[in-house]
1. Could you grab the pairs with beta carbons closer than 6 Å, sequence gap of 6+ or different chains, first residue in the range 208-231 and within 12 Å of residue 191 (Cα to Cα), second one within 8 Å of the ligand (Cβ to nearest atom) and of a type in the set (Lys, Arg)?
2. When both residues are 6+ apart or on different chains and their Cβ atoms are under 9 Å apart, which pairs have a first residue that lies in the range 177-192 and is in contact (Cβ under 8 Å) with a residue 40 or more places away in the chain, and a second that is charged (D, E, K, R) and open to solvent by 60 Å² or more (accessible area, probe 1.4 Å)?
3. Does residue 212 satisfy the criteria of being in contact with a helix residue (DSSP H, G or I) (Cβ under 9 Å, 6 or more places away or on another chain), open to solvent by 20 Å² or more (accessible area, probe 1.4 Å) and not assigned by TED's automatic domain parsing to the domain that holds residue 70?
4. Give me the pairs: first residue in the range 42-55 and in the same structural domain as residue 75 (by TED's automatic domain parsing), second residue open to solvent by 20 Å² or more (accessible area, probe 1.4 Å) and basic (Lys, Arg), beta-carbon distance under 7 Å, and six or more apart or on different chains, which are they?
5. Is there a residue being under 17 Å from the mean Cα position of the chain (by Cα), among the aromatic types (Phe, Trp, Tyr) and either more than 27 Å from residue 109 (Cα to Cα) or open to solvent by 10 Å² or more (accessible area, probe 1.4 Å) (or both) anywhere in the range 240-252?
6. Only one of 248, 205 is in a strand (DSSP E or B), within 19 Å of residue 77 (Cα to Cα) and within 14 Å of the ligand (Cβ to nearest atom); which?
7. Quick test for you: out of 160, 174, pick the one residue that is more than 15 Å from the chain's Cα centre (by Cα) and either at pLDDT below 95 or closer than 24 Å to residue 69 by Cα (or both).
8. For the range 148-181, how many residues meet the condition of being assigned to a helix (DSSP H, G or I) and more than 13 Å from the ligand (Cβ to nearest atom)?
Amino acid sequence: MKYLKYHALGNDYIVLRPEAFEGELSGDIVRLICHRNYGVGSDGILYGPVNSLSCDFGLRIFNPDGSEAEKSGNGLRIFARSLYDEGLVGEQSFSVETPGGVVSCKVEDRGKVVSVKMGEVRFDSTSIPVAGPPREVLNETMDINGRIFTFCAATVGNPHCVVLSDDPSSVDAHHYGPLIENDPRFPNRTNVQFMKVLDRGNIQIEIWERGAGYTLASGSSSTAAAAVACKLGRCGSDITVHMPGGKIGIQFSKGFFATMTGPVTRVCEGNMDQEMFEGTGL
Ligand SMILES: N[C@H](CCC[C@H](N)C(=O)O)C(=O)O
């Protein structure tokens, strides 16, 4: 089964074209393909282009735990680059339908950089969702194993919990990330960022992704964290997000309509041998 692999600041994805895999991408198959020892290994699968009635292309996004995500910022940049590499798009903008909404992509610098208009970031509890009365989820507190965190929540199409931190660390992301990801206040679980505002144009985040765990970078996390920093009045509308894997630029217009710009790196194209799927019924 032919696949392409790319990474975006170390957040790596496998691109599967429907013609290469006609079956149903079950949770078991996704978990196997994404497994770092028994499969190819990645932070997720981009399955597309699939048909869309309203957009140029459709895309499905799967996490390594087998769950399907509504949106992925790095995933969309990688998907756009894969379309460019295969001559399906040029450097003109094009639309992509995801379960989390419609985005507009633009490939630049011969594919090395991709911009994505990610849609509007929203903070209302019913859209994210967050349990409790309808409200904007800003500067709330949660007690996780006796440690009190102040957080905001936002949706970029997928849910995000942005924890305010003076010292974001991989240790906190690994320890508290899964606890927050699965906290009952988030009915659909949530992505988690530990965010420090560096100045009015820069933030630093450490990331624990829903369904993927610790990642070196995340486009939708960058967008959500930057939107929270801007919403709180701590940053302006043009923000650089610093992550262990590198930097992403986020610009806001007309409120919280976000444009995300960042690099894409092609890793390889390969073929998954049928033997890998033995015993899976595939
Ligand atoms: N794990 C995320 C999807 C991938 C997000 C991240 N890789 C990005 O670049 O936005 C979720 O379940 O919502």
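The values are calculated or read from the model by the stated rules, or taken from the named source; none is laboratory data. Bear in mind that the values here come from a model prediction, so they are computed numbers and not experimental data. Positions of Cβ are backbone-derived with ideal geometry, glycine not excepted, and every protein chain shown enters the neighbour counts. Keep in mind that these areas ignore ligands, DNA and RNA; they rest on the heavy atoms of the full protein, side chains included. Shrake-Rupley method; radii C 1.70, N 1.55, O 1.52, S 1.80 Å.
1. Hits for this filter: 210/189; 220/71.
2. Close Cβ pairs (under 9 Å, with a partner that is charged (D, E, K, R) and open to solvent by 60 Å² or more (accessible area, probe 1.4 Å)) amount to 183/189.
3. Values: in contact with a helix residue (DSSP H, G or I) (Cβ under 9 Å, 6 or more places away or on another chain): yes; open to solvent by 20 Å² or more (accessible area, probe 1.4 Å): yes; not assigned by TED's automatic domain parsing to the domain that holds residue 70: yes.
Taking the combined requirement at face value, the residue satisfies it.
4. Filtered contacts from the range 42-55: 42/5; 47/60; 48/60; 50/60.
5. No, that holds for no residue.
6. Numbers: 205 fails: within 19 Å of residue 77 (Cα to Cα).
Only one candidate qualifies: 248.
7. Details: 160 fails: more than 15 Å from the chain's Cα centre (by Cα).
Result: 174 is the single residue among 160, 174 that is more than 15 Å from the chain's Cα centre (by Cα) and either at pLDDT below 95 or closer than 24 Å to residue 69 by Cα (or both).
8. Narrowing the range 148-181 to residues assigned to a helix (DSSP H, G or I): 170-181.
Checking which are more than 13 Å from the ligand (Cβ to nearest atom) leaves us with 170-176, 179-180.
Qualifying residue count for the region: 9.
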